[in-house]
Amino acid sequence: MQQISRRRFASTLGAMAMGGMVSAGKRAKAQERSAPDHYDVIVVGIGSGGFGAACAAAQQGLRVLCIEQAPQIGGNAVASGVTMWEPGVGGTGLPFLIYRRLKTAPWGAAIYSFGRHFSWDGREAFPGGEHVPDLRRTYTDTLRRHRGDGQPADTAFRKEHWHGVIFEPGVYEQVLRAMLGETGRAVLLTGTTFERAEVQDGAVTGLVLSNGTRVTARAYIDGTGGGALCRACGCESLYGQESADRFGEEGAPEQPNTLTNGVTLIFRVAPAETSAVEPLPEGIPEACWWDGFPAMSAVQYPNGGYNCNMLPTLSGQEFAALEYAAAYEECRRRVYAFWRHVQRGWPEFQRYRLAWIAPALGVRESTRIAGEYVLTLHDLRAGLSKQQHPDIITIADHSIDRHGAGGIGGEILEPYGVPYRCLVPKGFTNLLIASRGASLSSIAASSCRLSRTIMQLGQAAGTAAAIALDQGLDLPAVPPGVLQARLREQHVQLEWPVPPGLAAWLQDESAIAWSAAP
C-alpha cells in the first residue's frame with residue numbers, strides 16, 4: 001500500500017471535504033431552483049412597468065412570479081382610470097402589441113385627436129381640452145410629441161400632430177392577463193403583497209408574502225410606483241424636489257422640499273336621454289372650497305362617453321399631508337362639486353350623467369430610487385443628439401409637466417434616452433426597478449412618467465434579467481450592446497427618427513386574436 005505523508009493525507013481529506021461541500025452546495029441550489037416557490041424572476045407590482053418586465057421575461061423563457069396588491073393588474077391605467085396613452089416617442093414594443101389586441105374588442109380602443117380647447121376656442125367653448133376619436137389616424141400618429149425643429153409645439157402643430165390612444169380599462173386588463181397567460185411561464189398572484197424582504201450582501205434572497213408564503217428567485221424587479229420593494233431592501237431613495245446644487249438643474253429650488261406632482265381622481269360620464277343638472281350629495285357645497293375649479297381634460301371613448309380628468313384634483317402637498325383614505329374622500333367630494341360646475345357652465349354636459357369614479361387616485365409622483373445613474377434635466381435638454389450614454393433602453397419626449405408643483409416646465413425639443421443604469425439600484429446585484437420610481441430627478445420624473453415609457457422600462461428590465469440569468473451575470477453587468485440588440489429585436493425604439501424597418505412593422509395594425517386568461 002502506498003504510503004502518504006501526514007501533510008498530503010490532511011490535504012487530501014480537505015480536498016475531499018471541499019468537493020463534498022461543493023457537490024452538496026450544487027445539489028442544494030438545484031433543489032431550491034426546482035422547488036415550487038422558487039422562480040427565475042419575481043416582479044412586485046403589475047402596473048405598466050411591472051407588466052412590461054414580467055411579460056418580457058416570461059416571453060424569453062423565464063419562470064416569473066407576478067405579485068400585485070390590487071385585485072386587478074394594470075396599475076393606474078385600470079384602477080385609476082388613466083385609460084389613455086398621450087402622444088410620445090418610444091411606445092413601439094409591447095404597447096403596440098397591446099393596442100392591436102385592444103382593437104379586437106367592441107369599443108376597445110381608438111386613436112384620438114384634439115377637439116375643442118379653451119386655449120384656442122375660448123373658455124366658453126369647453127371647460128378645458130377635448131380629445132375625440134379620429135378614424136383617419138393610425139398608431140404611428142401617436143408616436144411623437146416634440147415639434148422637431150428646435151421650437152416648442154405651437155397650436156397648429158398640436159392640432160395636426162398630437163394624437164393618443166383611448167381604451168376601455170376592463171378590456172385592457174383582460175389583454176394584459178391574456179398576454180401573461182399565453183407565455184405559459186407567468187404565475188399571477190393578485191390581492192397579494194410582500195410583508196418582508198430578505199437581503200444579504202447586496203442581493204435579495206427571498207420575500208415573505210402576505211399569504212404567509214416565502215418565495216425566492218434569481219432576480220427581482222420592483223414595479224411598484226414608489227419603489228416599495230427597493231425601499232424595503234434598504235435602497236437609497238429620493239422624494240420631493242431636489243435642491244439646485246444636488247444635480248445642477250436650472251429651475252430647481254435652492255433648498256430641497258417635499259413638493260410633488262399633483263394627484264388626480266378621474267371620473268367618467270355617459271350620455272343620457274334627458275337633460276338635467278345632477279344634484280349634489282348631501283354635505284358637499286356648490287361653491288369651490290379650494291384654489292378654484294381647474295380645467296378638465298376630457299377624452300371621448302369610442303362609445304360616446306368621456307374620461308374626465310380635472311387637473312389636478314389635489315395638490316401633491318395636500319396629498320402628502322393626508323392619509324390615503326382621507327385624500328381619496330376629499331378628491332371624491334371635489335369631483336362631485338366640479339361636475340356640477342361643468343354641467344352648470346357648459347349646458348351640453350347636462351345630457352351626460354356621472355357614471356363612474358375611479359376606485360384609486362392617479363398618483364403622478366412618489367418616492368424614487370437612487371440608481372447607478374440619475375436621469376436629470378441635463379438629459380432632457382441634451383436629447384439623443386448630445387447624450388453620451390452607451391446603455392439607452394427607451395426614449396421619450398413628453399413635456400416637463402409638474403401639475404401644480406411649481407418650478408420649471410415646458411416642451412422637450414428633441415427625444416431623450418433613459419439609460420439602463422436608471423433601473424439599477426445602487427449596490428444591488430439582483431434587483432431592478434421599472435416604474436415611475438426609477439432613478440429620476442423630480443424634474444426628469446415629471447416628463448419620464450407616462451404609461452408607455454414606463455412599460456418600455458419594464459420591457460428592458462425583463463429582457464436584462466433574461467440576459468443576465470442566461471449568461472450567469474449580475475444584473476448591473478448586463479452588456480449594454482447585447483441588451484439594446486435584444487430590445488431592437490422586440491421592436492423597441494431606441495433612435496429618432498424611427499428606423500425604416502421599425503416603421504414598416506408599425507404599419508401592420510391587423511388585430512391580434514386573444515382570449516382572457518383564466
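Tell me which helices (runs of 4 or more DSSP H) are completely within the range 421-518 and hold 3 or more residues being surrounded by fewer than 24 Cβ atoms within 10 Å (Cβ to Cβ), or say none if there are none.
Values: elements: 442-445, 451-471, 480-489, 500-506.
Helices (runs of 4 or more DSSP H) meeting the threshold: 451-471, 480-489, 500-506.
Does A197 satisfy being outside the structural domain of I412 (by TED's automatic domain parsing) and within 29 Å of A370 (Cα to Cα)? Steps first, answer last, please.
Working: outside the structural domain of I412 (by TED's automatic domain parsing): yes; within 29 Å of A370 (Cα to Cα): yes.
In short, yes.
Please verify whether the range 175-194 includes one or more residues that are touching a Phe, Trp or Tyr at 6+ places or on another chain (Cβ under 6 Å) and over 30 Å from E411 (Cβ atoms).
So the first thing to find is which residues in the range 175-194 are touching a Phe, Trp or Tyr at 6+ places or on another chain (Cβ under 6 Å), and the list is 176, 178.
Retained after the next criterion (residues that are over 30 Å from E411 (Cβ atoms)): 176, 178.
Scanning the range 175-194, I find at least one residue that is touching a Phe, Trp or Tyr at 6+ places or on another chain (Cβ under 6 Å) and over 30 Å from E411 (Cβ atoms), so the answer is yes.
Is there a residue being more than 30 Å from G462 (Cα to Cα) and among the acidic types (D, E) anywhere in the range 338-360? Outline the logic, then answer.
Initial filter on the range 338-360 (more than 30 Å from G462 (Cα to Cα)): 338-357.
Within this subset, residues satisfying the condition of being among the acidic types (D, E) are 348.
Yes; the residues of the range 338-360 include at least one that is more than 30 Å from G462 (Cα to Cα) and among the acidic types (D, E).
Going by what's in this entry, would R246 be described as under 30 Å from V204 (Cβ atoms) and outside any loop (DSSP other than H, G, I, E, B)? Working first, answer last.
Details: under 30 Å from V204 (Cβ atoms): yes; outside any loop (DSSP other than H, G, I, E, B): yes.
The answer is yes for R246.
Out of all the residues in the range 83-120, which are of a type in the set (D, E, K, R) and in a strand (DSSP E or B)? Show your work before the answer.
From the range 83-120, those of a type in the set (D, E, K, R) are 86, 100-101, 103, 116; that's our starting set.
Result: R116, single match.
Give the range 373-406 a look and list any residue that's among the polar types (S, T, N, Q) and without any contact (Cβ under 8 Å) to a residue 24 or more places away in the chain, or say none.
Of the residues in the range 373-406, the ones among the polar types (S, T, N, Q) are 376, 385, 387-388, 394, 399.
Selection gives Q388 alone.
Using the structure shown, decide if R123 is on the phi < 0 side of the Ramachandran plot, out of contact with any Phe, Trp or Tyr (no Cβ under 6 Å at 6 or more places or on another chain), assigned to a loop (DSSP other than H, G, I, E, B) and among the basic types (K, R). So that I can check it myself, show each step before the final result.
On the way: on the phi < 0 side of the Ramachandran plot: yes; out of contact with any Phe, Trp or Tyr (no Cβ under 6 Å at 6 or more places or on another chain): yes; assigned to a loop (DSSP other than H, G, I, E, B): yes; among the basic types (K, R): yes.
Yes; evaluated as a whole, the condition is true for this residue.
Cβ-Cβ distance below 8 Å, separation of 6 or more or different chains: which pairs start in the range 289-301 with a residue that is on the phi > 0 side of the Ramachandran plot and end on one that is hydroxyl-bearing (S, T, Y) and assigned to a loop (DSSP other than H, G, I, E, B)?
none
Could you list, in sequence order, all residues of the range 243-276 that are crowded, with 21+ Cβ neighbours inside 10 Å and either over 25 Å from A79 (Cα atoms) or among the β-branched types (V, I, T) (or both)?
E249, A252, T260, V263, T264, I266, V269
Would you kindly identify the strands (runs of 3 or more DSSP E) lying entirely within the range 290-388 that contain at least 1 residues that are modelled with pLDDT of 95 or more and over 24 Å from R145 (Cβ atoms)? Before you say what the answer is, go through the steps one by one.
Details: elements: 296-300, 306-310, 352-357.
The strands (runs of 3 or more DSSP E) meeting that bar are 352-357.
Within the range 174-195, which residues are part of a strand (DSSP E or B) and either surrounded by 17 or more Cβ atoms within 10 Å (Cβ to Cβ) or of a type outside the set (D, E, K, R) (or both)? Break it down stepwise before answering.
Keep residues of the range 174-195 that are part of a strand (DSSP E or B), which gives 186-190, 194-195.
Within the range 174-195, A186, V187, L188, L189, T190, F194 qualify.
Being in contact with a Leu (Cβ under 7 Å, 6 or more places away or on another chain), surrounded by fewer than 22 Cβ atoms within 10 Å (Cβ to Cβ) and not small (G, A, S): is that true of R332 here? Talk me through it step by step, then tell me what you get.
On the way: in contact with a Leu (Cβ under 7 Å, 6 or more places away or on another chain): yes; surrounded by fewer than 22 Cβ atoms within 10 Å (Cβ to Cβ): yes; not small (G, A, S): yes.
Against the criterion (in contact with a Leu (Cβ under 7 Å, 6 or more places away or on another chain), surrounded by fewer than 22 Cβ atoms within 10 Å (Cβ to Cβ) and not small (G, A, S)), R332 qualifies.
How many residues are under 18 Å from W85 (Cβ atoms) and among the aromatic types (F, W, Y) when one looks only at the range 139-194? Walk me through it before giving the result.
Let us first name the residues in the range 139-194 that are under 18 Å from W85 (Cβ atoms), namely 139-146, 153, 158, 161-176, 179.
If we keep only those that are among the aromatic types (F, W, Y) too, we end up with 139, 162, 167, 172.
Result for the range 139-194: 4.
Condition first: part of a loop (DSSP other than H, G, I, E, B) and under 28 Å from S80 (Cβ atoms). Now tell me which residues in the range 254-275 satisfy that.
Taking the range 254-275 as the starting set, the residues that turn out to be part of a loop (DSSP other than H, G, I, E, B) are 254-256, 258-262, 265-266, 272-275.
Listed by number, the residues that qualify are P256, T258, L259, T260, N261, G262, L265, I266, A272.
Here are the criteria: (1) buried (at least 16 other Cβ atoms within 10 Å of the Cβ); (2) part of a helix (DSSP H, G or I); (3) not small (G, A, S). Tell me which single one E160 does not satisfy.
(1)
Table: residues versus (1) over 24 Å from G262 (Cβ atoms); (2) of a type in the set (D, E).
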| site | (1), (2) |
| --- | --- |
| R63 | yes, no |
| E68 | yes, yes |
| G81 | no, no |
| P87 | no, no |
| Y99 | yes, no |
| A105 | yes, no |
| F114 | no, no |
| R123 | no, no |
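The values are calculated or read from the model by the stated rules, or taken from the named source; none is laboratory data. If you're wondering where the values come from, they're calculated on a predicted model, not measured in any experiment. Neighbour counts run over all protein chains shown; Cβ positions are idealised from the backbone, glycine included.
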